[in-house]
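Every number in this text was worked out from the coordinates using simple rules, so none of it is lab data. Just so we're clear, the structure is a prediction, and the values are computed from it rather than from any experiment. Here the Cβ positions follow ideal geometry from the backbone for every residue, glycine too, while neighbour counts run over all protein chains shown.
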Amino acid sequence: MEVGMVVVVAAKVLVSLWCVGACCLAAYLYRVVWVAPRRVLAEFRRQGIGGPRPSFPYGNLADMREAIAAARQQLAEARRRRRARDGGGGGGDGGGIVHDYRPAVLPFYEKWRKDYGPIFTYSMGNVVFLHVSRPDVVRDINLCVSLDLGKSSYLKATHEPLFGGGILKSNGEAWAHQRKIIAREFFLDKVKGMVDLMVDSAQTLLKSWEEGIDKNGGTIDIKIDDDIRAYSADVISRTCFGSSYIKGKNIFLKIRELQKAVSKPNVLAEMTGLRFFPIKRNKQAWELHKQVHKLILEIVKESGEERNLLRAILLSASSSKVELAEAENFIVDNCKSIYFAGYESTAVTAAWCLMLLGLHPEWQDRVREEVQEVCAGQPVDSQSLQKMKNLTMVIQETLRLYPAGAFVSRQALQELKFGGVHIPKGVNIYIPVSTMHLDPNLWGPDVKEFNPERFSNAQPQLHSYLPFGAGARTCLGQGFAMAELKTLISLIISKFVLKLSPNYEHSPTLKLIVEPEFGVDLSLTRVQGAYRH
């Protein structure tokens with residue numbers, strides 16, 4: 001009997017402790033997920049900054065999903081009507097193309113900006129965001145060089161397998177240390193030395209398209225995206241991996257799979273700070289990360305004394321007196337960062353640029369004439385690229401209308417003040433790049449039209465043009481990216497006449513970067529009397 005009583009008492013004690021623990025956990029989660037964010041939102045309300053009312057526990061996530069679902073339904077209906085009108089084609093004459101993708105890709109921002117103005121707050125779980133598209137605030141953010149303004153930590157858990165502790169996601173002294181090591185590898189003199197490599201990498205693409213045209217009676221309809229990605233992968237693989245670039249291209253294929261696996265936010269992981277939920281997507285990302293980590297280190301070790309980008313970065317990191325394991329993680333994480341910034345973004349920009357040239361034959365002719373005049377039958381090199389002003393303007397306008405990065409994201413690591421707005425510690429600041437690029441007060445009434453001439457006289461204001469980010473964290477590889485884009489576009493335009501295919505379906509979508517959902521379909525013919533490189 002006494003033993004039975006002891007068991008009962010013990011059971012009651014355990015149940016009581018469990019209840020107390022559960023209550024404490026619930027109270028903690030309530031405070032973290034609801035009370036703390038509400039205090040931050042209240043601080044903004046006192047400054048006159050409004051925003052949509054959040055719901056427990058996911059903030060404004062339901063509103064965002066509802067807006068996206070409605071926008072997708074509208075797009076699907078518009079697509080069905082267009083196909084019915086065009087007899088099943090995609091409308092490749094360009095008549096229905098609108099360059100402002102915000103209502104389709106970011107419909108919730110459009111609604112909130114109309115309701116609350118250019119600065120407003122919203123939240124996802126326990127993370128508070130400040131949406132900023134007021135020029136004076138954006139200018140101050142651009143001018144800030146303090147380490148107290150860092151990269152946004154939102155999606156850190158979701159994106160950890162893709163970026164790790166690399167330069168794209170790190171903050172503070174860790175970021176400053178990485179930037180110092182990597183920056184020297186992208187100085188202008190080194191980029192100039194890579195142009196011949198870029199020209200060589202383009203030959204496979206050019207030959208493939210020429211053969212396709214010859215086999216199809218002088219014209220060919222193709223979806224260019226995979227070919228452009230193959231070119232970009234070849235360039236970055238040769239740059240990063242040297243003679244092992246073929247293995248490097250295999251790594252980038254795996255990193256693209258990894259990108260797809262982590263492209264959708266995991267709000268639960270962000271709220272809890274945990275990324276260890278063994279769901280299918282996470283397990284796929286973990287396995288791909290392991291494979292990529294192993295392959296990168298194998299190539300670095302195989303390269304011996306051969307000089308390539310990753311080995312140069314590894315040697316710089318090793319000379320900084322860090323542990324070998326830390327140096328290896330450094331090289332792996334930044335290889336993935338270089339892939340994302342230097343491969344995927346560049347390939348997508350090239351696809352958008354060729355789409356726009358196919359849509360605007362008058363600019364295609366201007367660029368072609370310029371290339372022929374500058375090169376005079378000689379191969380493209382770094383000096384000739386610098387003289388291609390029309391091509392540069394076309395690429396700049398492409399980056400204005402279709403910036404690869406939808407946002408410039410920052411986080412206040414300490415309390416900060418920009419444009420008279422006090423920003424509490426921990427707040428994530430999102431600058432919508434497309435909104436700054438499509439502001440008629442900054443760019444003029446033709447802001448939604450393709451007009452490269454707007455770049456002919458003066459550089460845009462610091463806060464109005466953000467294709468490579470902003471401020472101290474502006475993309476290190478922008479010179480490399482521009483050289484790669486100019487090399488590829490100049491070679492293609494010198495050999496082929498581009499026209500949008502009737503199969504082209506204009507549908508920008510956000511998958512970490514803004515890319516063509518259904519690819520870019522072009523009709524190609526040879527340029528009469530085209531010279532060969």
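Worth pointing out:
- Backbone HN-Hα couplings from phi across region 175-191 [Karplus 6.51/-1.76/1.60, Hz, Gly and Pro as x]: 5, 4, 5, 5, 4, 4, 6, 7, 4, 4, 7, 10, 4, 4, 5, 6, 4
- Among 384, 434, 55, 232, the order by Cβ neighbours within 10 angstrom, fewest to most, reads 55, 384, 434, 232.
- Long-range tail of P(r) for region 451-533 (Cα pairs > 18 Å, %): 68
- A simple spin-label model places the labels of residue 283 and residue 173 4.1 nm from each other, with each point 7 Å out along Cα-to-Cβ.
- Pairs from the list 260/290; 223/260; 207/389; 207/448; 207/260; 151/417 with a Cα-Cα gap above 24 Å: 207/389; 207/448; 207/260.
- Each of 33, 394 was scored by other Cβ atoms within 10 Å of its Cβ. Listed from fewest to most, they are 33, 394.
- Full extension of the chain between residue 204 and residue 376 yields a length gain of 59.7 nm, computed as 0.36 nm times the residue separation minus the alpha carbon distance.
- The distance separating the Cα centre of region 153-217 from that of region 219-240 comes to 13 Å.
- A simple packing score, the average count of other Cβ atoms within 10 Å per residue, orders the peptides 439-446, 329-336, 477-484 as 329-336, 477-484, 439-446, with the highest score first.
- Computed FRET value (nearest 0.05) for residue 254 with residue 301, which takes r as the C-beta separation and R₀ as 22 Å: 0.75
- Against the empirical 2.2 N^0.38 Å (N residues), region 137-245 has a Cα radius of gyration ratio of 1.53.
- Database remark: amide H of residue 468 closer than 5 angstrom to no amide H (H placed geometrically; neighbours at sequence offset of 5 or more, or on other chains; Pro and chain starts carry no H).
- A convex hull fitted to the Cα coordinates of region 397-455 yields 90 cubic angstrom per residue.
- Tensor-based shape of region 69-202 (alpha-carbon gyration tensor, a/c under 1.5 rounded, otherwise prolate or oblate): oblate
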